[in-house]
Amino acid sequence: MDVAERIIKEMELKGVKQKDFVEYLNEKQSAVSKWIGPNPANRNNIPNTILGKMAKYLKVDTDYLLGLQEEKNRVGTVVTDDLRQKITLEEIQKDPEKYLEIIKISMEQMELDKKLLALLKEARES
């Protein structure tokens, strides 16, 4: 299944009308038709910025649309000590308490990473 086929499939599953999709993307109907039109031989590559918007609207990861992963809604890979887990939105929704601590640790790590990045930028500029 190619990118356009995955997008079309998600649109169908979610009942998304192409008119609404076009409007959300703020693109011309003709451009969107060239990306996800019915004839695969006539399709053009989708620009990365547009692919990101499409994924956001369809509530799936761009990696899923690109065929790089099978999970539609991967939140991310969380690394805590020796624990490495892939967490999907579906898993979190089924048992949020189970993942609360992992998510908290991950968010704390992200804040530390931001601070480290700021320090590295500051050091490089001086």
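Nothing in this text is a laboratory measurement; each read-out follows from the coordinates by a stated rule. The model shown is predicted, which means the values in this text are computed figures rather than measured ones. Virtual Cβ from ideal backbone geometry, glycine too; neighbours counted across all protein chains shown.
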Any DSSP H helix in the chain with Cα axial reach of 30 Å or more and mean Kyte-Doolittle score of at least -0.5? Listed by number, the hits are 96-125
Past 24 Å, Cα to Cα, is the threshold; run Lys9/Lys59; Lys14/Lys98; Lys56/Lys115; Lys9/Lys56 against it and keep the listed order. Lys14/Lys98; Lys56/Lys115
Spin-label pair Ala41/Val16, simplified geometry with 7 Å Cα→Cβ offset, distance in nm: 2.8 nm
Nearby aspartates and glutamates by direct alpha-carbon distance to Lys17 (threshold 16 angstrom, same-chain neighbours under 8 apart not counted): Glu5, Glu27
If you add up the charges near Ala41, with Lys and Arg at +1 and Asp and Glu at -1, over every other residue whose beta carbon is less than 14 angstrom from its beta carbon, what do you get? 0
Under a straight-distance cross-link criterion of Cα-Cα below 19 Å, which aspartates and glutamates are reachable from Lys121, leaving out those fewer than 8 residues away in the same chain? Glu111, Asp113
With just the Cα atoms of the chain, tell me how far they stretch along each of the three principal axes, in Å, largest first. 48, 46, 24
